[in-house]
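Worksheet: the structure to be examined is printed underneath.
The values are calculated or read from the model by the stated rules, or taken from the named source; none is laboratory data. None of the values given here were measured: they were computed from a predicted structure. Cβ: placed from backbone, ideal geometry, glycine included. Neighbour counts: every protein chain shown. What goes into the accessible areas is simple: the full protein's heavy atoms, side chains included, and nothing from ligands, DNA or RNA. Shrake-Rupley method; radii C 1.70, N 1.55, O 1.52, S 1.80 Å.
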Amino acid sequence: MLSIQNLNVEVENKLIINRLNLEIKPGEIHAIMGPNGSGKSTLSTTLAGHKDYHVTAGTIRFKEHNLLMLNPEERAGEGLFLAFQYPVEIPGISNTLFLQTAINSIRKYRKLEPLDSWDLIDLINQKINRLNISDKLLKRSVNVGFSGGEKKRNEILQMAVLEPDLCILDEIDSGLDIDALKIIARCITLLRNANRSFIVITHYQRILDDIQPEYVHVMHHGSIIKSGNFSLAKQLEEQGYDWLIK
Ligand code: ADP
Ligand code: MG
Ligand code: MG
């Protein structure tokens, strides 16, 4: 699904990602943990294709593509999805219109007919019931005035509607109460299948308890300094990062 080799990324002429390697197979869930400022969001933003994040060394393969040759729209069309750590507010664009535009631009890339409004509403209704999202939020501008938890659930709604192959979730669990956390974990579990992969960036073991990632990685100073299985997350919860960093 994803193969990153010796990746260096510079932001504003500063090296942030430093010789990072990561291999993800279809169907796998990989958790990435690590102290603040270690480059987790930089990695996800780079994968999504933000123009200010400059890859200065290394390679990234996504499915059968050289990811670095694809623009952000092509990456989305090929099935890459990023749920933002800080979801963006888009005044004047209703959530429904946003979802319709997103899904139809992906369908266009795949040379499929666009969904009409009726199909779209059926699809969205199916998903919001699962996510416990009020249909009132659909008519409102994207994320404008949403609570922190509503914004995070809205990111997951986008993921559920777009059905991507590679889902990158940047701190999707930060600031959520236990009920919202359960809903998000359940939605990830429902979307999980043999052909879909997840990168779950988190500071907490709790969501990992529910989604049971195959691999847990620790990032520090732009590299993965330790990889292990789920028991590594437990160890980090108990002991913090100091023992690793030293
Ligand atoms: P994490 O997500 O692990 O907390 P980030 O990727 O957000 O870490 O940040 C890693 C480092 O890169 C930090 O020192 C941060 O200040 C820097 N950085 C990230 N994005 C930018 C940017 N757009 N401009 C300048 N510095 C940035
Ligand atoms: Mg952070
Ligand atoms: Mg971050």
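Scan the stretch 72-101 residue by residue and report those that are away from ligand 1 (no atom under 16 Å from the Cβ) and closer than 15 Å to G49 by Cβ.
Passing the criteria: E73, E74, R75, A76, G77, E78, G79, L80, F81.
For every residue, the table says whether it meets (1) within 18 Å of L22 (Cβ to Cβ); (2) more than 16 Å from ligand 2 (Cβ to nearest atom).
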site: E163; (1), (2): no, yes
site: S197; (1), (2): yes, yes
site: V216; (1), (2): yes, yes
site: H221; (1), (2): yes, no
site: F230; (1), (2): yes, yes
site: E237; (1), (2): no, yes
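Considering only residues in the stretch 28-38 that are of a type outside the set (A, V, I, L, M) and under 19 Å from A233 (Cβ atoms), the one that is most open to solvent (accessible area, probe 1.4 Å) turns out to be N36. Selection of helices (runs of 4 or more DSSP H) fully inside the stretch 111-164 by the criterion of at least 1 residues being of a type in the set (S, T, N, Q), out of contact with any Lys or Arg (no Cβ under 6 Å at 6 or more places or on another chain) and open to solvent by 70 Å² or more (accessible area, probe 1.4 Å) returns 117-131.
When the stretch 48-64 is filtered for residues that are within 16 Å of ligand 1 (Cβ to nearest atom) and touching a helix residue (DSSP H, G or I) at 6+ places or on another chain (Cβ under 7 Å), the ones remaining, listed by number, are A48, G49, Y53, V55. Looking at the stretch 196-207, which of its residues are modelled with pLDDT of 95 or more and more than 16 Å from ligand 3 (Cβ to nearest atom)? R196, S197, F198 - these are the residues of the stretch 196-207 that are modelled with pLDDT of 95 or more and more than 16 Å from ligand 3 (Cβ to nearest atom).
Put simply, of N18, N13 the only residue that is within 16 Å of ligand 1 (Cβ to nearest atom), open to solvent by 30 Å² or more (accessible area, probe 1.4 Å), at pLDDT 95 or above and in contact with a strand residue (DSSP E or B) (Cβ under 8 Å, 6 or more places away or on another chain) is N18.
Residues are listed down the side, and each one gets a yes or a no for (1) under 16 Å from the mean Cα position of the chain (by Cα); (2) farther than 16 Å from H30 by Cα:
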| site | (1), (2) |
| --- | --- |
| S134 | no, yes |
| V144 | no, yes |
| L157 | yes, yes |
| L169 | yes, no |
| S174 | yes, yes |
| F198 | yes, no |
| T202 | yes, no |
| I211 | yes, no |
| H217 | yes, no |
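Report, by residue number, each residue of the stretch 54-109 that is assigned to a strand (DSSP E or B), open to solvent by less than 60 Å² (accessible area, probe 1.4 Å) and touching an Asp or Glu at 6+ places or on another chain (Cβ under 9 Å). Correct list: V55, F62, H65, L80, F81, L82, A83.
Taking the stated definitions as given, is D177 touching a Leu at 6+ places or on another chain (Cβ under 7 Å) and either open to solvent by less than 50 Å² (accessible area, probe 1.4 Å) or in contact (Cβ under 8 Å) with a residue 24 or more places away in the chain (or both)? Spell out how you get there, then give the answer.
Values: touching a Leu at 6+ places or on another chain (Cβ under 7 Å): no; either open to solvent by less than 50 Å² (accessible area, probe 1.4 Å) or in contact (Cβ under 8 Å) with a residue 24 or more places away in the chain (or both): yes.
Here the answer is no, as D177 does not meet what is asked.
Taken over the stretch 215-227, the criterion of being touching a strand residue (DSSP E or B) at 6+ places or on another chain (Cβ under 6 Å) and open to solvent by 20 Å² or more (accessible area, probe 1.4 Å) is satisfied by Y215, S223, I224, I225, K226, S227.
In a residue-by-residue description of the stretch 71-78, the property of being touching a helix residue (DSSP H, G or I) at 6+ places or on another chain (Cβ under 7 Å) and among the hydrophobic types (A, V, I, L, M, F, W, C) applies to at least one position. Among the residues in the stretch 23-44, are any more than 10 Å from ligand 1 (Cβ to nearest atom), outside any helix (DSSP H, G or I), farther than 24 Å from T189 by Cα and basic (K, R)? No: the stretch 23-44 contains no residue that is more than 10 Å from ligand 1 (Cβ to nearest atom), outside any helix (DSSP H, G or I), farther than 24 Å from T189 by Cα and basic (K, R). All of (1) in contact (Cβ under 8 Å) with a residue 40 or more places away in the chain; (2) within 16 Å of ligand 2 (Cβ to nearest atom) hold for G58 with one exception: (2).
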